[in-house]
Amino acid sequence: NRPRVEVDFFSGGQGDAAFIQTQLGHQILIDGGPNSSVLEKLGKQMPFLDKSIDAVVLTHPESDHMEGLLQVLQRYKVNYFLWSGVVRYTPEYKQLLDVLAKAQKNGTKIIAVNAGQKIKAGKAELNIIYPLENLNGKALEKTSNDACVVLRLTFGKTSFLFTGDISGDLEKQFVSKNIFYLSDVLKVAHHGSKYSTSDIFLQNLKAKIAVVSVGKDNTYGHPAAEALQRLQNYGIKTLRTDIDGDVRLMSDGNNININ
């Protein structure tokens, strides 16, 4: 048993992957990044013979969050696969469905989640904050960014908010609808795009640490100078996977240490 909860934000190119390990040894992977590098990262974190993961969360089915998960689902026994269930008409999405069908035969339970549901892992808890309604089977033409699964991890007095790729518009809705929780750590939305990480959001969130999952020299120019400036304005310590590599945060329930 570890006395703490560890959250690793993997550097692995332009995409998102975060791995949570609880004090009781639960393992939860949120997104899998844009390529297979997530396998190597998990290999370093998990005991050699450990070939199962308690839960995998796909925030939304776009390749920069999903590509690595296709590999994980084929390599590991995943007990629970959580996602919104939105439908996309892309080749990667079709591939995901094929991989999920195989995983399901191997015992993976596939659950479409929405606000109000929670995952309890010992003293740690993951609460689903968004989507507000069940989106299972709902088709999205353009992008699924604002149909992201948004989750908040709490352990003792500490909390982490995982925002996927939500837009500033959705952040503002969170504030106005009061579906909002103070969080110590913010996984910055959409790789630090200038359209997310809005002032009103940061003002209400009161985060101390922000993590930007972003690829070196990416073609989008992420993270945007504007987003970084806003984080700085609120005195939030910002870590970036393109500069800092893998970011590990450890919580003992009272404090969060950066490793």
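The values are calculated or read from the model by the stated rules, or taken from the named source; none is laboratory data. Just so it is clear, the model here is predicted, and its values are computed rather than measured. Quick reminder, even Gly has a Cβ in these numbers, built from the backbone with ideal geometry, and neighbours come from all protein chains shown. Each accessible area value is taken on the protein alone, full model and side chains, heavy atoms only, with ligands, DNA and RNA left out. Shrake-Rupley method; radii C 1.70, N 1.55, O 1.52, S 1.80 Å.
Quick look at the numbers
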| quantity | calculated |
| --- | --- |
| Of residues in the range 155-206 being more than 24 Å from Val247 (Cα to Cα) and among the basic types (Lys, Arg), the one nearest to the chain's Cα centre (by Cα) | Lys172 |
| Lone qualifier among Leu24, Leu70 - being open to solvent by 50 Å² or more (accessible area, probe 1.4 Å) and either part of a loop (DSSP other than H, G, I, E, B) or among the aliphatic types (A, V, I, L, M) (or both) | Leu24 |
| Output for the range 41-65, where each listed residue is in a loop (DSSP other than H, G, I, E, B) and within 15 Å of Thr163 (Cα to Cα) | Leu58, Thr59, His60, Pro61, Glu62 |
| The range 74-105, residues that are among the aliphatic types (A, V, I, L, M) and in contact with a Lys or Arg (Cβ under 8 Å, 6 or more places away or on another chain) | Val86, Val87 |
| Near pairs, Cβ below 6 angstrom, 6+ apart or cross-chain, from the range 161-172 (within 13 Å of His191 (Cβ to Cβ)) to any residue that is open to solvent by 10 Å² or more (accessible area, probe 1.4 Å) and hydroxyl-bearing (Ser, Thr, Tyr) | Ser167/Tyr195 |
| Wholly within the range 208-253, strands (runs of 3 or more DSSP E) carrying at least 3 residues that are hydrophobic (A, V, I, L, M, F, W, C) and modelled with pLDDT of 95 or more | 209-212, 247-251 |
| Scan of the range 182-206 for residues that are in a helix (DSSP H, G or I), buried (at least 19 other Cβ atoms within 10 Å of the Cβ) and touching a Gly at 6+ places or on another chain (Cβ under 9 Å), ordered by number | Ala189, His190, His191, Phe201 |
| Among (1) loosely packed, with under 13 Cβ neighbours inside 10 Å; (2) on the phi < 0 side of the Ramachandran plot; (3) out of contact with any Asp or Glu (no Cβ under 7 Å at 6 or more places or on another chain); (4) among the charged types (D, E, K, R) - the single one Lys237 does not satisfy | (1) |
| Filter result (among the hydroxyl-bearing types (Ser, Thr, Tyr) and either open to solvent by less than 10 Å² (accessible area, probe 1.4 Å) or under 20 Å from the mean Cα position of the chain (by Cα) (or both)) within the range 207-219 | Ser213 |
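Here's the yes/no breakdown for (1) surrounded by fewer than 17 Cβ atoms within 10 Å (Cβ to Cβ); (2) touching a strand residue (DSSP E or B) at 6+ places or on another chain (Cβ under 6 Å); (3) over 18 Å from Lys216 (Cα atoms); (4) among the hydroxyl-bearing types (Ser, Thr, Tyr):
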| site | (1), (2), (3), (4) |
| --- | --- |
| Leu29 | no, yes, yes, no |
| Gly33 | no, no, no, no |
| Lys41 | no, no, no, no |
| Leu58 | no, yes, yes, no |
| Trp83 | no, no, yes, no |
| Arg88 | no, no, yes, no |
